[in-house]
Amino acid sequence: MTDTPLSGVAEERVLVLDFGSQYAQLIARRVREAHVYCEIVRHNITAERIKELAPVGIILSGGPSSVYAENAPQCDPELFNLGIPVLGICYGMQLACQALGGKVHNAASREYGRAHCEVTDPSDIFDGVKTQTEVWMSHGDQVEAIADDWEPLAKTATCPFAAVRHKKAPVYGLQFHPEVTHTVEGKLVLANFLQKVCKTSGLWRLADFAEETIKQVRERIGTDRVICGLSGGVDSAVVAALLARAIGKQLSCILVDNGLLRKDEERAIVDEFTNHFKADLHVVKAEDQFLEQLAGVVDPQEKRRRIGKTFIDCFKREADKIEDAKYLAQGTLYPDVIESGAAADGPADTIKLHHNVGGLPAELGFELVEPLRDLFKDEVRKLGLQLDLPEEIVWRHPFPGPGLAVRCLGEVTREKLDVLREADAIVVGEIKAAGLYRATSQAFAVLLPVQSVGVMGDSRTYDNTVAVRCVNTDDFMTADWSHLPHDLLARISTRIINEVKGVNRVVYDISSKPPATIEWE
Ligand code: XMP
(Lines give C-alpha, C1' and ligand atoms only; values in the text may rest on other atoms or scores of the structure.)
Protein backbone atom coordinates (compact mmCIF):
# COMPACT_ATOMS: atom_id res chain seq x y z
CA MET A 1 0.00 0.00 0.00
CA THR A 2 1.37 3.34 -0.96
CA ASP A 3 -0.99 5.45 1.08
CA THR A 4 0.24 6.71 4.43
CA PRO A 5 -1.85 5.18 7.23
CA LEU A 6 -3.95 7.90 8.75
CA SER A 7 -4.21 6.28 12.14
CA GLY A 8 -1.29 8.47 13.16
CA VAL A 9 -3.89 11.17 13.78
CA ALA A 10 -5.02 9.46 16.98
CA GLU A 11 -2.90 10.11 20.02
CA GLU A 12 -4.57 7.42 22.10
CA ARG A 13 -5.32 4.06 20.64
CA VAL A 14 -6.61 0.70 21.76
CA LEU A 15 -5.63 -2.49 19.96
CA VAL A 16 -8.08 -5.35 19.46
CA LEU A 17 -6.24 -8.65 18.93
CA ASP A 18 -8.40 -10.72 16.62
CA PHE A 19 -8.65 -14.42 17.37
CA GLY A 20 -11.14 -15.02 14.59
CA SER A 21 -14.20 -13.64 16.33
CA GLN A 22 -17.24 -12.63 14.37
CA TYR A 23 -17.40 -9.75 16.85
CA ALA A 24 -13.88 -8.26 16.53
CA GLN A 25 -15.11 -5.45 14.27
CA LEU A 26 -18.00 -4.80 16.58
CA ILE A 27 -15.63 -4.45 19.55
CA ALA A 28 -13.56 -1.92 17.59
CA ARG A 29 -16.67 0.05 16.68
CA ARG A 30 -17.86 0.10 20.29
CA VAL A 31 -14.50 1.46 21.41
CA ARG A 32 -14.66 4.19 18.77
CA GLU A 33 -18.20 5.00 19.84
CA ALA A 34 -16.70 5.64 23.27
CA HIS A 35 -14.47 8.19 21.49
CA VAL A 36 -11.27 6.20 21.71
CA TYR A 37 -9.47 5.36 18.48
CA CYS A 38 -9.20 1.62 17.96
CA GLU A 39 -7.50 -0.72 15.49
CA ILE A 40 -7.77 -4.45 14.89
CA VAL A 41 -4.50 -6.36 14.67
CA ARG A 42 -3.47 -9.96 14.14
CA HIS A 43 -3.62 -12.13 17.27
CA ASN A 44 0.07 -13.09 17.05
CA ILE A 45 1.42 -9.53 16.97
CA THR A 46 4.62 -9.48 19.04
CA ALA A 47 4.87 -7.72 22.39
CA GLU A 48 7.77 -5.79 20.87
CA ARG A 49 5.52 -4.41 18.09
CA ILE A 50 2.80 -3.62 20.62
CA LYS A 51 5.31 -1.57 22.57
CA GLU A 52 6.15 0.40 19.42
CA LEU A 53 2.46 1.09 18.76
CA ALA A 54 2.10 2.17 22.40
CA PRO A 55 -1.62 1.48 22.88
CA VAL A 56 -3.34 2.62 26.07
CA GLY A 57 -5.22 -0.68 26.22
CA ILE A 58 -5.42 -4.10 24.62
CA ILE A 59 -8.58 -6.14 24.05
CA LEU A 60 -8.31 -9.85 23.27
CA SER A 61 -11.33 -10.81 21.16
CA GLY A 62 -13.36 -13.98 21.33
CA GLY A 63 -12.77 -16.74 18.83
CA PRO A 64 -14.16 -20.08 17.66
CA SER A 65 -11.27 -22.24 18.95
CA SER A 66 -10.70 -23.98 22.24
CA VAL A 67 -7.53 -22.78 23.98
CA TYR A 68 -6.46 -26.41 24.29
CA ALA A 69 -6.97 -27.29 20.65
CA GLU A 70 -3.98 -28.00 18.48
CA ASN A 71 -3.15 -24.86 16.45
CA ALA A 72 -5.37 -22.74 18.72
CA PRO A 73 -4.42 -19.11 18.00
CA GLN A 74 -2.18 -17.77 20.76
CA CYS A 75 -0.92 -14.36 21.69
CA ASP A 76 2.59 -13.39 22.71
CA PRO A 77 2.46 -14.09 26.50
CA GLU A 78 4.89 -11.21 27.02
CA LEU A 79 2.05 -8.78 26.33
CA PHE A 80 0.71 -9.46 29.84
CA ASN A 81 3.98 -8.10 31.25
CA LEU A 82 3.95 -4.76 29.45
CA GLY A 83 1.94 -2.99 32.14
CA ILE A 84 -0.67 -2.09 29.48
CA PRO A 85 -4.27 -2.86 30.59
CA VAL A 86 -5.69 -5.99 28.95
CA LEU A 87 -9.32 -7.03 28.64
CA GLY A 88 -9.89 -10.60 27.47
CA ILE A 89 -13.34 -11.38 26.10
CA CYS A 90 -14.57 -15.00 26.00
CA TYR A 91 -11.72 -16.87 24.26
CA GLY A 92 -9.51 -13.89 25.10
CA MET A 93 -10.37 -14.28 28.79
CA GLN A 94 -9.58 -17.99 28.68
CA LEU A 95 -6.21 -17.26 27.08
CA ALA A 96 -5.38 -14.63 29.71
CA CYS A 97 -6.37 -16.94 32.57
CA GLN A 98 -4.45 -19.84 31.08
CA ALA A 99 -1.36 -17.68 30.53
CA LEU A 100 -1.53 -16.42 34.11
CA GLY A 101 -2.17 -19.69 35.91
CA GLY A 102 -5.91 -20.54 35.60
CA LYS A 103 -7.66 -23.68 34.37
CA VAL A 104 -10.00 -23.74 31.38
CA HIS A 105 -12.46 -26.59 30.88
CA ASN A 106 -15.06 -27.67 28.48
CA ALA A 107 -18.31 -26.59 30.17
CA ALA A 108 -20.87 -29.34 30.79
CA SER A 109 -23.14 -27.73 28.25
CA ARG A 110 -22.55 -25.04 25.65
CA GLU A 111 -23.95 -21.79 26.87
CA TYR A 112 -25.48 -19.67 24.19
CA GLY A 113 -27.83 -16.75 24.61
CA ARG A 114 -28.97 -14.45 27.40
CA ALA A 115 -27.89 -15.18 30.98
CA HIS A 116 -28.53 -13.51 34.33
CA CYS A 117 -25.30 -12.29 35.78
CA GLU A 118 -24.64 -11.37 39.41
CA VAL A 119 -21.98 -8.73 39.95
CA THR A 120 -20.09 -9.65 43.13
CA ASP A 121 -17.50 -6.86 42.99
CA PRO A 122 -18.97 -3.58 41.77
CA SER A 123 -15.66 -1.71 41.63
CA ASP A 124 -13.83 -0.41 38.53
CA ILE A 125 -15.13 -2.19 35.40
CA PHE A 126 -18.52 -2.86 37.03
CA ASP A 127 -18.85 0.61 38.52
CA GLY A 128 -22.48 1.72 38.12
CA VAL A 129 -23.59 -1.67 36.72
CA LYS A 130 -26.64 -3.22 38.42
CA THR A 131 -25.96 -6.15 40.77
CA GLN A 132 -28.28 -8.31 38.68
CA THR A 133 -27.69 -7.70 35.01
CA GLU A 134 -28.34 -9.47 31.75
CA VAL A 135 -25.41 -10.60 29.59
CA TRP A 136 -24.91 -12.48 26.31
CA MET A 137 -22.98 -15.74 26.44
CA SER A 138 -21.65 -17.75 23.52
CA HIS A 139 -19.12 -20.36 24.56
CA GLY A 140 -18.26 -24.02 24.99
CA ASP A 141 -15.19 -23.75 27.22
CA GLN A 142 -15.07 -21.68 30.36
CA VAL A 143 -12.65 -20.91 33.16
CA GLU A 144 -13.17 -23.52 35.91
CA ALA A 145 -10.51 -22.50 38.39
CA ILE A 146 -8.47 -19.37 38.83
CA ALA A 147 -5.03 -19.07 40.39
CA ASP A 148 -4.54 -17.14 43.65
CA ASP A 149 -3.50 -14.07 41.71
CA TRP A 150 -7.00 -13.71 40.26
CA GLU A 151 -10.27 -12.64 41.84
CA PRO A 152 -13.85 -13.16 40.62
CA LEU A 153 -16.01 -10.13 39.85
CA ALA A 154 -19.24 -11.69 38.56
CA LYS A 155 -20.94 -15.07 38.07
CA THR A 156 -23.92 -16.71 36.41
CA ALA A 157 -25.79 -19.88 37.44
CA THR A 158 -23.53 -22.04 35.30
CA CYS A 159 -20.41 -19.93 35.00
CA PRO A 160 -18.60 -19.26 38.30
CA PHE A 161 -16.16 -16.84 36.67
CA ALA A 162 -18.23 -14.67 34.37
CA ALA A 163 -15.76 -11.84 35.05
CA VAL A 164 -12.34 -11.83 36.71
CA ARG A 165 -9.50 -9.44 37.58
CA HIS A 166 -5.83 -10.14 38.12
CA LYS A 167 -4.66 -8.85 41.50
CA LYS A 168 -1.24 -7.57 40.40
CA ALA A 169 -1.40 -6.84 36.66
CA PRO A 170 -4.12 -4.67 35.04
CA VAL A 171 -5.64 -7.72 33.33
CA TYR A 172 -9.40 -8.40 33.19
CA GLY A 173 -11.49 -11.16 31.72
CA LEU A 174 -15.16 -11.34 30.69
CA GLN A 175 -16.76 -14.63 29.72
CA PHE A 176 -19.72 -12.75 28.24
CA HIS A 177 -19.74 -10.41 25.24
CA PRO A 178 -19.99 -6.73 26.31
CA GLU A 179 -19.92 -5.59 22.66
CA VAL A 180 -23.30 -7.02 21.64
CA THR A 181 -26.47 -5.12 22.43
CA HIS A 182 -28.03 -8.13 24.22
CA THR A 183 -25.57 -7.48 27.06
CA VAL A 184 -27.69 -4.73 28.52
CA GLU A 185 -24.91 -2.84 30.33
CA GLY A 186 -22.10 -3.93 28.02
CA LYS A 187 -21.34 -0.40 26.86
CA LEU A 188 -20.88 0.73 30.44
CA VAL A 189 -18.51 -2.16 31.21
CA LEU A 190 -16.40 -1.28 28.15
CA ALA A 191 -16.51 2.43 28.97
CA ASN A 192 -15.36 1.65 32.54
CA PHE A 193 -12.47 -0.42 31.21
CA LEU A 194 -11.46 2.43 28.88
CA GLN A 195 -11.87 5.29 31.34
CA LYS A 196 -11.05 3.79 34.73
CA VAL A 197 -8.45 1.20 33.77
CA CYS A 198 -6.89 2.51 30.54
CA LYS A 199 -7.39 6.14 31.67
CA THR A 200 -8.40 7.23 28.20
CA SER A 201 -9.46 10.83 27.70
CA GLY A 202 -12.26 9.95 25.24
CA LEU A 203 -11.32 12.88 23.02
CA TRP A 204 -11.31 11.08 19.66
CA ARG A 205 -13.87 12.66 17.37
CA LEU A 206 -14.71 12.02 13.75
CA ALA A 207 -14.71 15.75 13.08
CA ASP A 208 -11.11 16.08 14.30
CA PHE A 209 -10.25 13.03 12.28
CA ALA A 210 -11.70 14.68 9.17
CA GLU A 211 -9.79 17.92 9.79
CA GLU A 212 -6.55 16.05 10.39
CA THR A 213 -7.10 13.86 7.32
CA ILE A 214 -7.73 16.93 5.18
CA LYS A 215 -4.49 18.45 6.46
CA GLN A 216 -2.52 15.27 5.76
CA VAL A 217 -3.98 14.87 2.26
CA ARG A 218 -3.11 18.49 1.49
CA GLU A 219 0.49 17.98 2.63
CA ARG A 220 0.88 14.77 0.69
CA ILE A 221 -0.65 15.98 -2.59
CA GLY A 222 1.09 19.35 -2.66
CA THR A 223 0.31 20.96 -6.01
CA ASP A 224 -0.40 17.71 -7.88
CA ARG A 225 -3.72 16.59 -9.33
CA VAL A 226 -5.92 13.76 -8.02
CA ILE A 227 -8.45 11.77 -10.05
CA CYS A 228 -11.48 10.32 -8.31
CA GLY A 229 -14.02 7.98 -9.89
CA LEU A 230 -17.64 8.68 -8.89
CA SER A 231 -20.08 5.78 -8.89
CA GLY A 232 -23.10 7.24 -7.14
CA GLY A 233 -22.25 5.20 -4.05
CA VAL A 234 -21.64 6.78 -0.66
CA ASP A 235 -17.96 5.80 -0.38
CA SER A 236 -16.77 7.46 -3.58
CA ALA A 237 -18.98 10.48 -2.86
CA VAL A 238 -17.43 10.96 0.59
CA VAL A 239 -13.91 10.54 -0.80
CA ALA A 240 -14.65 13.17 -3.44
CA ALA A 241 -16.24 15.55 -0.92
CA LEU A 242 -13.26 15.18 1.42
CA LEU A 243 -10.78 15.79 -1.38
CA ALA A 244 -12.79 18.73 -2.69
CA ARG A 245 -12.42 20.24 0.80
CA ALA A 246 -8.72 19.41 0.94
CA ILE A 247 -7.43 20.35 -2.51
CA GLY A 248 -10.32 22.11 -4.29
CA LYS A 249 -9.53 22.68 -7.96
CA GLN A 250 -6.75 20.07 -8.02
CA LEU A 251 -9.45 17.37 -7.91
CA SER A 252 -10.87 15.91 -11.13
CA CYS A 253 -13.79 13.51 -10.89
CA ILE A 254 -14.72 10.98 -13.55
CA LEU A 255 -18.20 9.52 -13.86
CA VAL A 256 -18.59 6.76 -16.41
CA ASP A 257 -22.21 6.73 -17.53
CA ASN A 258 -22.48 3.10 -18.57
CA GLY A 259 -26.21 3.24 -19.29
CA LEU A 260 -26.73 0.84 -16.40
CA LEU A 261 -27.41 3.44 -13.71
CA ARG A 262 -30.70 3.94 -11.88
CA LYS A 263 -33.26 6.52 -12.96
CA ASP A 264 -31.97 10.10 -12.65
CA GLU A 265 -28.79 8.86 -10.98
CA GLU A 266 -26.39 10.55 -13.37
CA ARG A 267 -28.21 13.88 -13.11
CA ALA A 268 -28.17 13.78 -9.30
CA ILE A 269 -24.41 13.14 -9.21
CA VAL A 270 -23.68 15.84 -11.78
CA ASP A 271 -25.82 18.37 -9.89
CA GLU A 272 -24.17 17.62 -6.60
CA PHE A 273 -20.60 17.68 -7.79
CA THR A 274 -20.78 20.58 -10.19
CA ASN A 275 -23.21 22.87 -8.39
CA HIS A 276 -22.49 22.08 -4.76
CA PHE A 277 -18.81 21.16 -4.76
CA LYS A 278 -17.88 22.95 -7.97
CA ALA A 279 -15.65 20.00 -8.81
CA ASP A 280 -14.05 19.47 -12.21
CA LEU A 281 -16.34 16.65 -13.33
CA HIS A 282 -15.82 14.60 -16.48
CA VAL A 283 -18.85 12.58 -17.53
CA VAL A 284 -17.99 9.84 -19.99
CA LYS A 285 -21.10 9.01 -22.03
CA ALA A 286 -20.47 5.36 -22.76
CA GLU A 287 -23.92 3.77 -22.89
CA ASP A 288 -23.55 2.65 -26.53
CA GLN A 289 -20.17 1.11 -25.89
CA PHE A 290 -21.42 -0.89 -22.90
CA LEU A 291 -24.58 -2.06 -24.67
CA GLU A 292 -22.53 -3.15 -27.67
CA GLN A 293 -20.32 -5.22 -25.39
CA LEU A 294 -23.35 -6.75 -23.68
CA ALA A 295 -25.25 -7.64 -26.85
CA GLY A 296 -26.21 -11.30 -26.84
CA VAL A 297 -24.52 -12.01 -23.48
CA VAL A 298 -26.65 -13.92 -20.95
CA ASP A 299 -24.08 -15.39 -18.56
CA PRO A 300 -23.89 -13.18 -15.43
CA GLN A 301 -20.15 -13.59 -14.92
CA GLU A 302 -19.48 -12.80 -18.57
CA LYS A 303 -21.61 -9.66 -18.17
CA ARG A 304 -19.50 -8.68 -15.17
CA ARG A 305 -16.25 -9.37 -17.00
CA ARG A 306 -17.21 -7.27 -20.01
CA ILE A 307 -18.60 -4.42 -17.92
CA GLY A 308 -15.45 -4.41 -15.77
CA LYS A 309 -13.16 -4.30 -18.79
CA THR A 310 -15.18 -1.63 -20.62
CA PHE A 311 -15.25 0.46 -17.45
CA ILE A 312 -11.48 0.35 -17.14
CA ASP A 313 -11.05 1.25 -20.83
CA CYS A 314 -13.41 4.24 -20.54
CA PHE A 315 -11.91 5.42 -17.27
CA LYS A 316 -8.36 5.14 -18.55
CA ARG A 317 -9.12 6.99 -21.78
CA GLU A 318 -10.61 9.90 -19.83
CA ALA A 319 -7.90 9.85 -17.17
CA ASP A 320 -5.22 10.05 -19.87
CA LYS A 321 -6.75 13.32 -21.02
CA ILE A 322 -6.33 14.86 -17.59
CA GLU A 323 -2.88 16.30 -17.63
CA ASP A 324 -0.60 16.31 -14.59
CA ALA A 325 -2.73 13.72 -12.71
CA LYS A 326 -0.52 11.85 -10.29
CA TYR A 327 -2.91 10.32 -7.75
CA LEU A 328 -6.01 8.16 -7.89
CA ALA A 329 -8.43 8.38 -4.95
CA GLN A 330 -10.28 5.26 -3.86
CA GLY A 331 -13.00 4.62 -1.29
CA THR A 332 -11.31 1.69 0.47
CA LEU A 333 -12.83 1.21 3.94
CA TYR A 334 -11.41 -0.31 7.11
CA PRO A 335 -13.28 -3.62 6.79
CA ASP A 336 -11.75 -4.05 3.27
CA VAL A 337 -8.32 -3.38 4.72
CA ILE A 338 -8.83 -5.88 7.53
CA GLU A 339 -10.35 -8.53 5.30
CA SER A 340 -7.61 -8.26 2.71
CA GLY A 341 -5.03 -8.61 5.49
CA ALA A 342 -3.41 -5.38 4.33
CA ALA A 343 -3.66 -3.63 7.69
CA ALA A 344 -0.44 -3.27 9.60
CA ASP A 345 -0.35 -6.53 11.54
CA GLY A 346 -3.85 -7.17 10.19
CA PRO A 347 -5.69 -10.27 11.31
CA ALA A 348 -6.58 -12.18 8.22
CA ASP A 349 -4.50 -13.71 5.48
CA THR A 350 -7.52 -14.49 3.42
CA ILE A 351 -8.53 -12.10 0.67
CA LYS A 352 -12.25 -11.41 0.65
CA LEU A 353 -13.70 -13.15 -2.36
CA HIS A 354 -16.00 -10.60 -3.85
CA HIS A 355 -17.15 -10.43 -7.41
CA ASN A 356 -16.44 -6.75 -7.32
CA VAL A 357 -16.66 -4.84 -10.56
CA GLY A 358 -15.68 -1.22 -10.74
CA GLY A 359 -12.26 -1.56 -9.20
CA LEU A 360 -9.31 -0.13 -11.06
CA PRO A 361 -6.08 -2.02 -11.63
CA ALA A 362 -2.74 -0.84 -10.29
CA GLU A 363 -1.40 -0.71 -13.90
CA LEU A 364 -3.15 2.62 -14.40
CA GLY A 365 0.03 4.01 -12.98
CA PHE A 366 -1.29 6.35 -10.32
CA GLU A 367 -0.35 6.53 -6.68
CA LEU A 368 -3.32 5.64 -4.47
CA VAL A 369 -4.98 7.99 -2.02
CA GLU A 370 -7.35 6.15 0.31
CA PRO A 371 -8.53 8.65 2.91
CA LEU A 372 -11.27 6.37 4.33
CA ARG A 373 -9.13 3.32 4.95
CA ASP A 374 -9.37 3.72 8.73
CA LEU A 375 -13.14 4.12 8.88
CA PHE A 376 -16.15 1.84 9.23
CA LYS A 377 -19.15 2.28 6.96
CA ASP A 378 -21.29 4.01 9.60
CA GLU A 379 -18.41 6.42 10.27
CA VAL A 380 -18.17 7.15 6.54
CA ARG A 381 -21.86 8.07 6.50
CA LYS A 382 -21.41 10.38 9.50
CA LEU A 383 -18.41 11.95 7.80
CA GLY A 384 -20.47 12.45 4.64
CA LEU A 385 -23.06 14.39 6.62
CA GLN A 386 -20.32 16.49 8.26
CA LEU A 387 -19.01 17.29 4.79
CA ASP A 388 -22.49 18.55 3.82
CA LEU A 389 -23.35 15.73 1.44
CA PRO A 390 -27.14 15.43 1.16
CA GLU A 391 -28.88 12.62 3.08
CA GLU A 392 -30.04 11.29 -0.26
CA ILE A 393 -26.46 10.33 -1.15
CA VAL A 394 -25.28 9.47 2.35
CA TRP A 395 -28.06 6.94 3.03
CA ARG A 396 -28.32 5.52 -0.47
CA HIS A 397 -28.58 1.73 -0.62
CA PRO A 398 -25.55 -0.04 -2.08
CA PHE A 399 -25.64 -0.54 -5.84
CA PRO A 400 -23.54 -3.18 -7.60
CA GLY A 401 -20.75 -2.10 -9.97
CA PRO A 402 -22.38 -3.84 -12.97
CA GLY A 403 -25.55 -1.93 -12.16
CA LEU A 404 -28.86 -2.79 -13.76
CA ALA A 405 -27.18 -5.34 -16.05
CA VAL A 406 -27.34 -7.97 -13.28
CA ARG A 407 -30.94 -7.04 -12.52
CA CYS A 408 -32.02 -7.43 -16.12
CA LEU A 409 -31.91 -11.19 -16.35
CA GLY A 410 -30.77 -12.72 -19.60
CA GLU A 411 -29.76 -10.46 -22.47
CA VAL A 412 -29.51 -6.75 -21.69
CA THR A 413 -31.10 -4.34 -24.14
CA ARG A 414 -31.83 -0.63 -24.03
CA GLU A 415 -35.60 -1.31 -24.06
CA LYS A 416 -35.44 -3.75 -21.16
CA LEU A 417 -33.26 -1.34 -19.17
CA ASP A 418 -35.82 1.42 -19.66
CA VAL A 419 -38.61 -0.83 -18.32
CA LEU A 420 -36.46 -1.89 -15.36
CA ARG A 421 -35.43 1.68 -14.53
CA GLU A 422 -39.06 2.81 -14.34
CA ALA A 423 -40.13 -0.16 -12.19
CA ASP A 424 -37.13 0.31 -9.90
CA ALA A 425 -37.91 4.01 -9.41
CA ILE A 426 -41.44 3.07 -8.30
CA VAL A 427 -40.16 0.45 -5.81
CA VAL A 428 -37.68 2.87 -4.24
CA GLY A 429 -40.06 5.85 -4.41
CA GLU A 430 -42.87 4.04 -2.64
CA ILE A 431 -40.57 2.64 0.06
CA LYS A 432 -39.22 6.14 0.68
CA ALA A 433 -42.75 7.58 0.77
CA ALA A 434 -43.66 4.97 3.38
CA GLY A 435 -40.68 6.12 5.48
CA LEU A 436 -39.10 2.66 5.26
CA TYR A 437 -36.05 3.34 3.08
CA ARG A 438 -33.61 3.45 5.99
CA ALA A 439 -35.30 0.47 7.60
CA THR A 440 -34.36 -1.66 4.59
CA SER A 441 -30.79 -2.36 3.52
CA GLN A 442 -31.34 -2.82 -0.19
CA ALA A 443 -34.55 -2.52 -2.23
CA PHE A 444 -34.86 -2.80 -5.99
CA ALA A 445 -36.66 -4.26 -8.98
CA VAL A 446 -35.50 -7.14 -11.16
CA LEU A 447 -36.77 -7.69 -14.70
CA LEU A 448 -37.32 -11.39 -15.38
CA PRO A 449 -37.05 -12.94 -18.83
CA VAL A 450 -40.47 -14.48 -18.22
CA GLN A 451 -43.62 -13.49 -19.99
CA SER A 452 -47.03 -14.50 -18.79
CA VAL A 453 -50.65 -14.06 -19.70
CA GLY A 454 -52.74 -11.28 -18.20
CA VAL A 455 -55.88 -9.26 -18.91
CA MET A 456 -56.03 -5.54 -19.28
CA GLY A 457 -59.40 -4.03 -20.06
CA ASP A 458 -61.01 -6.49 -22.42
CA SER A 459 -57.88 -7.84 -24.00
CA ARG A 460 -55.36 -10.48 -23.11
CA THR A 461 -51.73 -9.43 -22.60
CA TYR A 462 -48.55 -11.44 -22.80
CA ASP A 463 -46.07 -9.29 -20.93
CA ASN A 464 -43.04 -9.19 -18.64
CA THR A 465 -42.66 -10.00 -14.94
CA VAL A 466 -40.96 -7.76 -12.40
CA ALA A 467 -39.64 -9.20 -9.14
CA VAL A 468 -39.33 -6.87 -6.16
CA ARG A 469 -36.35 -7.63 -3.92
CA CYS A 470 -35.99 -5.99 -0.48
CA VAL A 471 -33.61 -7.24 2.18
CA ASN A 472 -32.47 -6.42 5.68
CA THR A 473 -28.89 -7.14 6.59
CA ASP A 474 -25.99 -5.82 8.66
CA ASP A 475 -23.13 -7.15 6.62
CA PHE A 476 -24.60 -8.27 3.25
CA MET A 477 -23.11 -11.73 3.85
CA THR A 478 -26.41 -12.99 5.21
CA ALA A 479 -29.76 -11.28 4.69
CA ASP A 480 -33.43 -11.69 5.48
CA TRP A 481 -36.16 -10.61 3.06
CA SER A 482 -37.89 -7.48 4.34
CA HIS A 483 -41.31 -8.04 5.83
CA LEU A 484 -42.87 -4.97 4.22
CA PRO A 485 -46.49 -4.00 4.93
CA HIS A 486 -48.94 -5.57 2.47
CA ASP A 487 -50.53 -2.26 1.55
CA LEU A 488 -47.12 -0.92 0.53
CA LEU A 489 -46.48 -4.01 -1.62
CA ALA A 490 -49.93 -3.58 -3.14
CA ARG A 491 -49.19 0.05 -4.06
CA ILE A 492 -45.86 -0.92 -5.63
CA SER A 493 -47.53 -3.67 -7.65
CA THR A 494 -50.46 -1.56 -8.83
CA ARG A 495 -48.27 1.33 -9.84
CA ILE A 496 -45.77 -0.80 -11.75
CA ILE A 497 -48.50 -2.61 -13.68
CA ASN A 498 -50.39 0.61 -14.43
CA GLU A 499 -47.45 2.86 -15.18
CA VAL A 500 -44.73 0.69 -16.69
CA LYS A 501 -45.56 -0.35 -20.20
CA GLY A 502 -44.76 -3.99 -20.90
CA VAL A 503 -45.22 -5.35 -17.34
CA ASN A 504 -48.36 -7.27 -16.32
CA ARG A 505 -47.16 -9.20 -13.27
CA VAL A 506 -45.23 -8.29 -10.09
CA VAL A 507 -43.88 -10.87 -7.62
CA TYR A 508 -42.22 -10.37 -4.24
CA ASP A 509 -39.03 -12.29 -3.47
CA ILE A 510 -39.29 -14.04 -0.08
CA SER A 511 -35.96 -15.85 -0.07
CA SER A 512 -33.25 -15.21 2.47
CA LYS A 513 -29.50 -15.29 1.93
CA PRO A 514 -28.23 -17.98 2.14
CA PRO A 515 -29.26 -19.97 0.20
CA ALA A 516 -30.41 -17.22 -2.19
CA THR A 517 -28.19 -14.22 -2.93
CA ILE A 518 -29.33 -10.61 -2.72
CA GLU A 519 -28.92 -9.97 -6.45
CA TRP A 520 -30.61 -12.33 -8.88
CA GLU A 521 -27.49 -12.76 -11.01
P1 XMP B 1 -25.08 -10.98 -3.33
O2 XMP B 1 -25.92 -10.92 -4.57
O3 XMP B 1 -23.76 -11.68 -3.56
O4 XMP B 1 -24.72 -9.47 -3.01
O5 XMP B 1 -25.81 -11.52 -2.14
C6 XMP B 1 -24.07 -9.00 -1.84
C7 XMP B 1 -23.85 -7.51 -2.01
O8 XMP B 1 -22.90 -7.29 -3.06
C9 XMP B 1 -23.47 -6.51 -4.10
N10 XMP B 1 -22.98 -7.06 -5.36
C11 XMP B 1 -22.02 -6.49 -6.09
N12 XMP B 1 -21.34 -5.35 -5.89
N13 XMP B 1 -20.18 -5.73 -7.92
C14 XMP B 1 -20.43 -4.97 -6.84
O15 XMP B 1 -19.79 -3.92 -6.70
C16 XMP B 1 -20.83 -6.89 -8.18
O17 XMP B 1 -20.58 -7.55 -9.19
C18 XMP B 1 -21.81 -7.28 -7.21
N19 XMP B 1 -22.65 -8.35 -7.12
C20 XMP B 1 -23.36 -8.19 -5.95
C21 XMP B 1 -24.97 -6.64 -3.92
O22 XMP B 1 -25.67 -5.54 -4.48
C23 XMP B 1 -25.09 -6.74 -2.42
O24 XMP B 1 -25.03 -5.45 -1.83
Report, in whole Å, the centroid distance computed from the Cα atoms of the stretch 207-248 and the stretch 67-103.
41
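Quick one, what does Rg over Rh come out to for the stretch 407-508 if you take C-alpha atoms and the Kirkwood Rh? Before the final figure, lay out the partial values.
Values: Rg = 14.0 Å, Rh = 14.1 Å.
Here the Rg-to-Rh quotient is 0.99.
Does the stretch 175-304 come out rounded, prolate or oblate, given a ≥ b ≥ c as the square roots of the eigenvalues of its C-alpha gyration tensor, rounded meaning a/c under 1.5 and, failing that, prolate meaning a/b above b/c? Let's see the in-between values first.
Details: a/c = 3.30, a/b = 1.61, b/c = 2.06.
Oblate is the answer for the stretch 175-304, as a/c is 1.5 or above yet b/c matches or exceeds a/b.
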Give me the 1.4 Å probe accessible area per residue for the stretch 13-197, excluding ligands and nucleic acids, in Å².
40
Where a ≥ b ≥ c are the square roots of the eigenvalues of the C-alpha gyration tensor, would you call the stretch 185-256 rounded, which needs a/c under 1.5, or, failing that, prolate if a/b is larger than b/c, or oblate?
oblate
If packing is taken as the average count of other Cβ atoms within 10 Å, what order do 501-508, 205-212 fall into, highest mean first?
501-508, 205-212
Spin-label proximity, LYS215 to the stretch 230-261 - amide N less than 20 Å from point 7 Å beyond Cα toward beta carbon
242-248
Taking every Cα atom in the chain, find the radius of gyration and the maximum pairwise distance Dmax, and write them in Å.
26.2, 88
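Using DSSP, restrict attention to beta bridges with both residues in the chain and report what percent are antiparallel, rounded to the nearest 5.
Working: 37 of 78 bridges.
The antiparallel proportion sits near 45 percent.
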Taking Cα atoms only, helix 486-499 is inclined relative to the longest principal axis of the chain by an angle, in degrees rounded to 10, of 20
Take the alpha-carbon centre of the stretch 168-187, take the same for the stretch 378-455, and report the distance between them in whole Å.
40
Roughly how many whole Å is it from the C-alpha centroid of the stretch 305-331 to that of the stretch 261-296?
14
Is the stretch 12-68 rounded, prolate or oblate when judged by the Cα gyration tensor, a ≥ b ≥ c being the square roots of its eigenvalues, rounded requiring a/c under 1.5 and prolate requiring a/b larger than b/c?
oblate
By average C-beta atoms within 10 angstrom, highest first, the peptides 168-179, 66-77, 453-464:
168-179, 66-77, 453-464
Amide hydrogen neighbours beyond the local backbone of VAL256, cut-off 5 Å, H modeled:
LEU230, VAL284
Which order do the peptides 256-265, 78-87 take when ranked by the mean count of other beta-carbon atoms within 10 Å per residue, highest first?
256-265, 78-87
For the stretch 117-128, in residue order, the Karplus 3J(HN,Hα) values (coefficients 6.51, -1.76, 1.60; θ = phi - 60°; whole Hz; Gly and Pro = x) are 10, 9, 7, 9, 9, x, 7, 2, 5, 9, 4, x
Pop out the carbon and sulfur fraction of the accessible area of the stretch 13-197 as a percent, whole number, probe 1.4 Å.
48
What is the helix-to-structure angle for 414-433, meaning the angle in degrees between its Cα long axis and the longest Cα principal axis of the chain, kept from 0 to 90 and rounded to the nearest 10?
50
Between ALA54 and HIS116, how high is the FRET efficiency from 1/(1 + (r/R0)^6) when r is the Cβ-Cβ distance and R₀ = 41 Å? Nearest 0.05.
0.55
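The values are calculated or read from the model by the stated rules, or taken from the named source; none is laboratory data. Note that the structure is predicted; figures quoted are calculated from it, not measured. We place every Cβ from the backbone using ideal geometry, glycine too, and count neighbours over all the protein chains shown. Accessible surface is based on the protein model in full, side chains and every heavy atom, while ligands, DNA and RNA are left aside. Shrake-Rupley method; radii C 1.70, N 1.55, O 1.52, S 1.80 Å.
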